[in-house]
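Here the structure comes first, spelled out in structure tokens, and everything after it is commentary.
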Amino acid sequence: MEETIKIEQALDNIKKLVDNIETVIRGKREQIQFVLTALLAKGHILMEDNPGTGKTVMAKTLAKSISGSANESGANFKRIQFTPDLLPMDLIGSHIFDDVKKEFVFKKGPLFCNVLLADEINRASPKVQSALLECMAEHQITMGETTYPLEKLFFTIATQNPVEMEGTYPLPAAQLDRFFIKIYFGYVDETTELNIYKDYLGIQNNQDHIQQVLSMNEILFLQQETEKVFIHEEIITAVRNIVRETRNHPDIVLGASVRSGITFLKCLKAFALVNGRTFVTEDDLRGITAAVLDHRLIYRNREAKQKALTIILGRELDRLSKLNLTINRTVFAPPAQDI
Amino acid sequence: MPIGKVYSYKKMLAQLLLLAVPTAILFFYLLWDANLFYNILENNWISQGIYFSSGLFVAICFYSYRFRFFTTAFFVFLFCYSVYKLFGSLSFGEFDSFYLSIQFLIFSFLFSLGWLAGFGFSRSRYFTIAWCVLLLVSKIVVVSKTTDITVNALINAFVPVLAYTFYIIYTAELIRNMNEEEPRFAWFVTKRLAGFGLVILLLFFMIFSVFKNDFQAVEKEWGGSQAQNDKKGKDKSENMNKKDSKGNVSNKDQTKLTGSLSKDKQLVFVAKLDNYFDDGITANPLYFTAFYYTKFDTLTQTFERDSLVPHNDLFLPDPSRIPLYFSKTDSSVIKNTHATKSRKVVSADIYKVVLAPDAFLAPSTSFSCQPMSVPKEFKDQYKSSYRAKMWVSDLNSAYFIYNPAGNQQLQSFQEFRFNRLREIKKIKGPDKQFMDYYTFMPKDEEYKKISELAKQITANAPTPIDKMIAIRDYFLSKNEFGQPLFKYSDNPGIPGIPSANKLTYFLLENRKGYCAYFAGATLFMLRSLGIPSRIAAGYLTVDRSSKNPGWYWFYADQAHAWTQVYFQDYGWMDFDTTVPDVNTQQSPQPDGTPPMNIPQTYMVADGEITNVNVAKKQISLKIKKLLYHDKDYESPTATELTVDVSIATISADTGAVAISSLTKGMHITAVSYSEALKNILADKNDDLNSILKKLPAPVPVDEVKLFLKDEVKDQKKQEEAKAKEPIDWIKVMTRMLLTLAGLIILVFLSPWLIWLFMNAKAKGNNSDKAFHCYRASLYYLNQLGYSRNGKGPQQYATEVDANFGTSFIGFNNAYQKAKYSRQTLTDVEIKLLNNSYDNFIKSVRSHIPFKTRLSRFLNIYNTIHYFSQPKIS
């Protein structure tokens, strides 16, 4: 009973968190939800769009609202700006000679934190990129003979400029796969943009004084709870169908892998939780599919990129919407007389 | 040329089995059918079919494996062309190489056709449709070129192609859309095809059973007795007579131009015609007319009767329905002939041998019919007889083309009558309608040719009769070799092209034919010259014996058609232009003795039987009509008369009957030749009753003629009429339209019917009520144009709420919870699920005006959209 209350509180807090971030990042509720989904699914997120759409601010705000400014219970936030001359050592850390102890001491790099903002990841050399991605996957760092585990809560928010930009090293498909979710930021709509211009001082103020809403423990607890979210067999079937369809679709060259499918399920559960539910519905399926799968697929052409996945998803939604799963789920009140 | 996806062997196999094999079978059939009409140098349909199918099969196998069309087709055609050229340069005999190259040409044409079809089947999606349209159109073109439009021919021509069309379009699409990786591939295909076949079969049988009677009517109407010949695919011959089941003969009311005429040599009737030339001794034979064919159906090239003739002068009684010795007269016929000059009344006695009892034949223009009894000693030979009276022109005669040579009398008559007719420089009809009707000609290139020929022939003829003679002389003229230009033939054959105009073919090329060809050609030549004319059908009268002048014998092969021309004041005149057929002028057997000694009738009583005394052989009659000493008596009240039938012959139309078979209420005519009545004369003042009182009782009678009861006869007639009733296309069309309308309405209403079902389900109390409510709501919204269409349920619910001011989202959330979670629902949620449906529908309804709602709701596309799964790729 105590746990349930805790869950409801936590779910409440998620909502608060989203609201909190929204005071800074206006009109990006969906993107905020995706970020939290990746967080709760114990994954990492990649944000891509043109410069100046609010990627970095978003990451920073999120980090701050779960870490506070310098709180003990808060999460530890680090930020690395990726540049072409960055070296893996700059991320991982290096052995430094301790004059006192007369020995090499491992000086931990910025990776040893709770929330990592890897800004403009595609500007770094592939060497650095793979070092980061390796850590993200393994959750540990091996230097020489010693293996250093990363923090229990390790969440990477990577941002990148579109691949077409100059001076970038695009991430290969295999590495993109490491990110649970990839989202596009996009520009806000016109009314929101007007509001932003009118109130840019307020936003600045909000950004500076962001409050911690979720504690570390709560996040770890929610991560555990994510695993317990109920997912109906038919939804799992739908996930299977969608993943398989991506392999059969004539316009998709490279379909989704089995690992993608598992990631998909994890994200579904997390997304349900972010939306304040402890079960997965069609809405979650519709909400998350593109974010989870799109960057794992290689399309035959640009047109297919826009259409293929939508059509596959639409078909599954259509199937699900016509399923009769409510047998004996409703207990009848006798014909309502009390209205 | 894009290279299509490579098919799996399964798909190829399916194409070979399900597309190529039926196509090959159809082509075997089509080629077989075509070979019935066209014969190409010993090339038979089997080898032609094999050529086509080999091309088809090879192409399908070939193109299923990524071969480019242009290169492969280029090589195939190059190969064909070079082989074809090779034949030309071969050194053996010229005919052999010609023969070979023709054969090869057929091979390469059919093979290429098959090749193209195979390519189309395996690569192009729309090919099947184009292919079927091509087949149908070519079939329609071929059929429209034939004149042989019988039901069987139509069914043979169209049903296979139509069935193939449905099948191939469906199957090609099925194969294209099937999932190659379906584990139970064969089952999938079989299932679909079986279902499809069942539906088509059902449809076919339904249509056939609904229109069965109509089909049969068409069969009877068009096919007639020739249907069997048609089936055998042998020559299609035409018979001028028709025979009923009892072997009775009568003239047909239409005559078709066909390839051959079948005739037999049976004696049909004997007639005594009371028409002589001025000297009173030399018999002047007249043709015996049954019908006038005033209409010509250009499509089927058939001469027909027309009931809408202006100034109808056809007298058509049924002799079997007129009481013995009582005559039926229609004087309006005389008026309608518009003939006033040189006319006289002539009578003819017709003795029927195999002529149908209800048939009436007489020289034109007959206006009266009086059935007579046949003398006793001839009873076996002649079934019945009647006397006809005609309004006959002095100038009319059977002699025109048929002219016994060297007959002085005849020559002077011809001179006389031609001179009289020459006085008419231009023919004027009684009115414009008459002229228009009888000078009508189809407007067509072919008929223009006839018209040109007619102008050429009659260039030097000033008057209508001269033109007529010129046409006759043209038919009798000889060619440069001294041979007759036109020959009589019962088997003229048909032109090579099925659609060709048979009359122009006859007139300009073949120059062989039977009477209908000559009459038809003459008719259109005359009409093109503005001379009103028509075709008469009946019997050719030949004066064969000088033994009994005025007596004529008519055999079945004398059934004839000839032209009649209208001259003002003189009326219709017979002109036969059919060149002599030697056979018909000699009788097949010596003519018998004519029935000459007709007894004098003193009394004829017509009435209903009231009592039959078999022992005394007496019959009591109630009579209203009496013929006494050639005078008619009639009375409105029936009078009783008893007659003695001990020496009488009792007969009906069908033959002799026994006295015991007479019963009360039967309609009979009693005839007496008794000498006892000879001297009992009637006074001027006598009426029917007073005469009967003078007669001895019972009156001895010699003959009793029994009439079939009216009802029985009427019934028979009705049955006949039913059987013969021409197919009522309007009825057929109405039925088809009704069926179609029903189907359309059903389709039209199907969205509503589905809604009724879903609504009922949603309102019911099932354990899955929530699902039914959700489905019904979704369907309802979908029909109104707010389809979910790939949206998430929550997003959709939000949109719906925004549009209609409903609280769908609450229901939706509860429903999603019920659907996808295992948590127990709260009471509020259960209430929502159970009770919000009605209000939701109401609220949606109130937001859309009725008109929009109706039009959107009944839109079938919305329904299809709802039920169809979105297609991937």
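For B:R853, are the conditions met, namely being touching a helix residue (DSSP H, G or I) at 6+ places or on another chain (Cβ under 9 Å), in the same structural domain as B:G764 (by TED's automatic domain parsing) and touching a residue at least 60 places away in the same chain (Cβ under 8 Å)? Explain how you work it out, then say what you get.
Values: touching a helix residue (DSSP H, G or I) at 6+ places or on another chain (Cβ under 9 Å): yes; in the same structural domain as B:G764 (by TED's automatic domain parsing): yes; touching a residue at least 60 places away in the same chain (Cβ under 8 Å): yes.
It is true that B:R853 is touching a helix residue (DSSP H, G or I) at 6+ places or on another chain (Cβ under 9 Å), in the same structural domain as B:G764 (by TED's automatic domain parsing) and touching a residue at least 60 places away in the same chain (Cβ under 8 Å).
A:F271: under 23 Å from A:V18 (Cβ atoms), within 11 Å of chain B (Cβ to nearest Cβ) and aromatic (F, W, Y), yes or no?
Working: under 23 Å from A:V18 (Cβ atoms): yes; within 11 Å of chain B (Cβ to nearest Cβ): no; aromatic (F, W, Y): yes.
No, not satisfied.
Out of A:T263, A:T281, A:T191, A:T289, report the one residue that is out of contact with any Phe, Trp or Tyr (no Cβ under 9 Å at 6 or more places or on another chain) and either within 14 Å of chain B (Cβ to nearest Cβ) or within 30 Å of A:R302 (Cβ to Cβ) (or both).
Numbers: A:T263 fails: out of contact with any Phe, Trp or Tyr (no Cβ under 9 Å at 6 or more places or on another chain); A:T281 fails: out of contact with any Phe, Trp or Tyr (no Cβ under 9 Å at 6 or more places or on another chain); A:T289 fails: out of contact with any Phe, Trp or Tyr (no Cβ under 9 Å at 6 or more places or on another chain).
From the options A:T263, A:T281, A:T191, A:T289, the qualifying one is A:T191.
Name the residue, out of B:M441, B:M390, B:M435, that is out of contact with any strand residue (DSSP E or B) (no Cβ under 8 Å at 6 or more places or on another chain), aliphatic (A, V, I, L, M) and under 30 Å from B:D330 (Cα atoms). Can you show your working first?
On the way: B:M441 fails: under 30 Å from B:D330 (Cα atoms); B:M390 fails: out of contact with any strand residue (DSSP E or B) (no Cβ under 8 Å at 6 or more places or on another chain).
Just a single option satisfies the conditions, and that option is B:M435.
The single condition among (1) surrounded by fewer than 19 Cβ atoms within 10 Å (Cβ to Cβ); (2) within 8 Å of chain B (Cβ to nearest Cβ); (3) modelled with pLDDT of 85 or more that A:A333 does not satisfy is (3). Of all residues in region B:348-378, those being touching a Lys or Arg at 6+ places or on another chain (Cβ under 6 Å), closer than 22 Å to B:H560 by Cβ and touching a residue at least 60 places away in the same chain (Cβ under 8 Å) number 2.
May I ask you to list the residues in region B:797-818 that are surrounded by fewer than 19 Cβ atoms within 10 Å (Cβ to Cβ) and touching a residue at least 24 places away in the same chain (Cβ under 8 Å)? Spell out how you get there, then give the answer.
Quick first cut of region B:797-818, residues surrounded by fewer than 19 Cβ atoms within 10 Å (Cβ to Cβ) only: B:798-799, B:801-803, B:805, B:807, B:809-810, B:813.
The answer is B:N803, B:G805, B:S807, B:G810.
For region A:267-281, a residue qualifies if it is touching a Leu at 6+ places or on another chain (Cβ under 7 Å) and either assigned by TED's automatic domain parsing to the domain that holds A:K42 or in contact (Cβ under 8 Å) with a residue 40 or more places away in the chain (or both), and the qualifying residues are A:A270, A:L273, A:V274, A:G276, A:V280. Please enumerate the residues belonging to region B:289-305 that are buried (at least 16 other Cβ atoms within 10 Å of the Cβ) and among the charged types (D, E, K, R). B:K295, B:E304, B:R305, listed by residue number.
Can you tell me which of B:L695, B:L738 is more than 26 Å from B:K376 (Cβ to Cβ) and at pLDDT 80 or above?
Numbers: B:L695 fails: more than 26 Å from B:K376 (Cβ to Cβ).
Answer to the check: B:L738.
Inspect region A:307-318 for any residue being away from chain B (no Cβ under 12 Å), surrounded by fewer than 19 Cβ atoms within 10 Å (Cβ to Cβ) and closer than 21 Å to A:T246 by Cα and give the result as yes or no. Give the derivation first.
Of the residues in region A:307-318, the ones away from chain B (no Cβ under 12 Å) are none.
Looking through region A:307-318, none of the residues is away from chain B (no Cβ under 12 Å), surrounded by fewer than 19 Cβ atoms within 10 Å (Cβ to Cβ) and closer than 21 Å to A:T246 by Cα.
Mind checking which residues of region B:775-790 are under 19 Å from A:D284 (Cα atoms) and either polar (S, T, N, Q) or more than 7 Å from chain A (Cβ to nearest Cβ) (or both)? Explain how you work it out, then say what you get.
Initially, region B:775-790 is screened for residues under 19 Å from A:D284 (Cα atoms), giving B:788-790.
Passing the criteria: only B:N789.
Taken across region B:747-763, residues that are farther than 21 Å from B:Y861 by Cβ and out of contact with any His (no Cβ under 7 Å at 6 or more places or on another chain) do occur, with at least one present.
When region A:77-110 is filtered for residues that are in contact (Cβ under 8 Å) with a residue 40 or more places away in the chain, assigned to a loop (DSSP other than H, G, I, E, B) and closer than 22 Å to A:A38 by Cα, only A:F82 remains.
Of all residues in region B:741-773, those being within 14 Å of chain A (Cβ to nearest Cβ), within 20 Å of B:R845 (Cα to Cα) and hydroxyl-bearing (S, T, Y) number 0. Here B:I680 meets the list (1) in contact with a strand residue (DSSP E or B) (Cβ under 7 Å, 6 or more places away or on another chain); (2) more than 28 Å from B:K383 (Cα to Cα) almost entirely, failing just condition (1). Exactly one of (1) farther than 20 Å from B:A519 by Cβ; (2) under 33 Å from the mean Cα position of the chain (by Cα) is unmet by B:Y447. Its number? Here B:Y447 clears every test but (1).
When you scan region B:665-682, do you find a residue that is over 19 Å from B:V604 (Cβ atoms), modelled with pLDDT under 75 and not hydroxyl-bearing (S, T, Y), even just one?
Filtering region B:665-682 for residues over 19 Å from B:V604 (Cβ atoms) gives B:665.
Checking the rest, the ones that are also modelled with pLDDT under 75 come to none.
Among the residues of region B:665-682, not one is over 19 Å from B:V604 (Cβ atoms), modelled with pLDDT under 75 and not hydroxyl-bearing (S, T, Y), which makes the answer no.
Of everything in region B:71-102 that's farther than 24 Å from B:L116 by Cβ and among the small types (G, A, S), which residue is modelled with the lowest pLDDT? Ranking the candidates gives B:S91 first.
Scan region B:852-873 residue by residue and report those that are away from chain A (no Cβ under 14 Å) and among the charged types (D, E, K, R). Scanning region B:852-873 gives B:R853, B:R856.
Looking only at region A:102-135, which residues are hydrophobic (A, V, I, L, M, F, W, C), closer than 25 Å to A:Q223 by Cα and touching a strand residue (DSSP E or B) at 6+ places or on another chain (Cβ under 8 Å)? Residues satisfying the conditions are A:L111, A:F112, A:C113, A:V115, A:L116, A:L117, A:A118, A:L132, A:C135. For the subset of region B:779-796 comprising residues that are buried (at least 18 other Cβ atoms within 10 Å of the Cβ) and within 56 Å of the chain's Cα centre (by Cα), which member is farthest from A:L320 (Cα to Cα)? Ranking the qualifying residues of region B:779-796, first place goes to B:L784. Within region B:628-649, being touching an Asp or Glu at 6+ places or on another chain (Cβ under 8 Å), in a strand (DSSP E or B) and under 17 Å from B:P700 (Cα atoms) holds for one residue alone: B:T649. Of all residues in region A:247-260, those satisfying the criterion of being away from every other protein chain (no Cβ under 12 Å), surrounded by fewer than 20 Cβ atoms within 10 Å (Cβ to Cβ) and not in a helix (DSSP H, G or I) are A:V253, A:L254, A:G255, A:S257. Could you say whether any residue in region B:830-851 is at the interface with chain A (Cβ under 10 Å from one of its Cβ atoms), outside any loop (DSSP other than H, G, I, E, B), acidic (D, E) and loosely packed, with under 15 Cβ neighbours inside 10 Å? No, that holds for no residue.
Could you check region B:190-213 and list, in sequence order, the residues that are among the polar types (S, T, N, Q) and farther than 27 Å from B:I175 by Cβ? So that I can check it myself, show each step before the final result.
Quick first cut of region B:190-213, residues among the polar types (S, T, N, Q) only: B:190, B:209, B:213.
Across region B:190-213, the qualifying residues are B:S209, B:N213.
Condition test on B:S821, is it facing another protein chain (nearest Cβ under 10 Å), more than 30 Å from B:I744 (Cα to Cα) and surrounded by fewer than 14 Cβ atoms within 10 Å (Cβ to Cβ)? Taking the combined requirement at face value, the residue does not satisfy it.
Residues being buried (at least 16 other Cβ atoms within 10 Å of the Cβ) and either of a type outside the set (D, E) or not assigned by TED's automatic domain parsing to the domain that holds B:T863 (or both) are entirely absent from region B:741-750.
From the list B:S250, B:S260, B:S237, the one residue that fits, being of a type in the set (S, T, N, Q) and either crowded, with 21+ Cβ neighbours inside 10 Å or at pLDDT 60 or above (or both), is B:S250.
The values are calculated or read from the model by the stated rules, or taken from the named source; none is laboratory data. Worth saying up front: this structure is predicted, and the values here are computed from it rather than measured. Reconstructed Cβ throughout: ideal geometry from the backbone, glycine too, with neighbour counts over all protein chains shown.
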